[in-house]
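Right, one structure below, let's go through it.
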Amino acid sequence: MTNFNAAGSLKSAAIGKFLVRVLWVVVGVGIVSTLFSLLAVIAQPVYQILASLDGVVSIVALLTSVASIIIFLIWLHRIHTDLKNLFQEYPITPGGAIARFLIPIYSLWGIANTLSTFADKFKPEGGDLTSAGEQVRSLIAPLYSFMIGSRAVNRVVFEAYKHPEDKFLPVWLLLSCFLDLGFTIVLLQLIKTMRTAVTQKAKRTVA
């Protein structure tokens, strides 16, 4: 039997809504950072005039990114609490989901496992829920592509900072911004799809 009396009892609803808003802010700041990085590549004199402003944007980007990670982990825990209530035998616990995302090396398998498990549970539901499951599965590859690409390029950027004379540093920074922005957009779409699927499932449960 389900523990839900109404769709509004979803523990992940409020934090999920807040997370989406925060991620939109991260996307906006990421776009601004990307534009500054583009200026640094194609119009260095103009960028030098705006460099101090870019520094402020970088600080804002760091703060919003840290905030989004914390909020995401809370949401991840709560949505898996909801999934445990919506499905009698959901195989991933809230703590297990966080471990799959946080533990190094293990997360390379764990993130895909978490998302594919979600997709598999919604696949037999039919209608919009089946479509949501399929969309979650289709976003796993892009998420990994941007995530791995971003980590690789950021490592290159870290090494390039040790050599200020490196003329390719602005290009690497621009590529890093594109990859980080792509990752955030894919993650945002994933969260929106998962939120919608869980909400629809809860409504079906109490119908």
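The values are calculated or read from the model by the stated rules, or taken from the named source; none is laboratory data. Here the structure is a predicted model, which means the values were calculated and not measured. Counting neighbours? That spans all protein chains shown, and the Cβs are built from the backbone with ideal geometry, glycine included. Accessible surface areas use protein heavy atoms only, side chains included; no ligands, DNA or RNA. Shrake-Rupley method; radii C 1.70, N 1.55, O 1.52, S 1.80 Å.
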**Study point:** J(HN,Hα) series, the stretch 12-23, from Karplus relation 6.51 cos²θ - 1.76 cosθ + 1.60, nearest Hz, glycine and proline x
**Key:** 8, 4, 5, 5, x, 4, 5, 4, 4, 5, 5, 5
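Please give the charge dipole size of the stretch 7-206, origin at the Cα centre, charges +1 on K and R Cβ atoms and -1 on D and E Cβ atoms. Round to the nearest 20 debye. Write down the numbers at each step before the final one.
Details: 18 positive and 11 negative charges, 137 e Å.
Using only the charged Cβ atoms, the result is roughly 660 debye.
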**Study point:** Sum of -39500 (n - 2.57) over DSSP H runs of 4+, divided by residues of the chain (222 nm, nearest 500)
**Key:** -29000 deg cm²/dmol
Review point. Once both axes come from the Cα atoms, what is the angle between helix 169-206 and the longest principal axis of the chain, in degrees from 0 to 90, rounded to 10?
Key: 10 degrees
Review point. How far, in degrees from 0 to 90, does helix 127-138 lean away from the longest principal axis of the Cα atoms of the chain, to the nearest 10?
Key: 40 degrees
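Just by accessible area at a 1.4 angstrom probe, what is the order of Leu63, Leu169, Leu50 from largest to smallest? Intermediate results must be reported in sequence, preceding the final value.
Details: Leu63 115, Leu169 25, Leu50 60 Å².
The ordering from most to least exposed comes out as Leu63, Leu50, Leu169.
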Practice item. Consider the candidate values [x] 52, 32, 31; [y] 65, 30, 28; [z] 54, 38, 27; state which one is Cα extents along the principal axes in Å computed from the structure displayed. Key: [y]
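When the convex hull of the Cα atoms of the stretch 23-91 is projected onto a plane and the area is averaged over all directions, what value comes out in nm²? Present the calculation step by step, with values, prior to reporting the outcome.
Details: hull surface 23.7 nm².
Convex hull of Cα atoms, orientation-averaged projection: 5.9 nm².
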**Study point:** Nearest-10 value in Å² for the accessible area of His163, using the 1.4 Å probe
**Key:** 100 Å²
Exercise for review: Output ³J(HN,Hα) for the stretch 64-70: one whole-Hz value per residue in order, computed from phi by the Karplus curve 6.51 cos²θ - 1.76 cosθ + 1.60 with θ = phi - 60°, and x for Gly and Pro.
Suggested key: 5, 5, 4, 4, 5, 5, 4
Practice item. Name the lysines eligible as straight-distance cross-link partners of Lys17: C-alpha to C-alpha under 21 Å, and not fewer than 8 places from it in the same chain. Key: Lys84, Lys192, Lys201, Lys203
Point to revise | the stretch 42-91, accessible area per residue, ligands and nucleic acids excluded (1.4 Å, Å²) | key: 58 Å²
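What do you reckon, how do Ile69, Ile140 stack up by accessible area (1.4 Å probe), largest on top?
Ile69, Ile140
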Practice item. Give the calculated FRET efficiency between Thr93 and Ser145 to the nearest 0.05, with a Förster radius of 30 Å applied to their Cβ-Cβ distance. Key: 0.60
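Which order do Glu159, Glu134, Glu89 take when ranked by solvent-accessible area (1.4 Å probe, heavy atoms of all protein chains), largest first? Show your work: numbers first, answer last.
Values: Glu159 85, Glu134 110, Glu89 150 Å².
Largest to smallest exposure gives the sequence Glu89, Glu134, Glu159.
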Practice item. Compute the acute angle (0 to 90°) between the alpha-carbon long axis of helix 106-122 and the principal axis of greatest extent of the alpha-carbon atoms of the chain; round to the nearest 10°. Key: 40 degrees
Check your understanding: Pulled fully out, how much extra length does the chain show between Glu159 and Ile103, if you take 0.36 nm times their separation in residues and subtract their Cα-Cα distance?
Key -> 17.7 nm
Practice item. Would you be so kind as to identify which of Leu86, Val136, Phe72 lies farthest towards the positive end of the dipole of the stretch 7-206, taking Lys and Arg as +1 and Asp and Glu as -1 on Cβ and the Cα centre as origin? Key: Leu86
Study note, to complete from the structure: Rounded to the angstrom and largest first, Cα extents along the principal axes for the stretch 85-178 equal 59, 27, 16
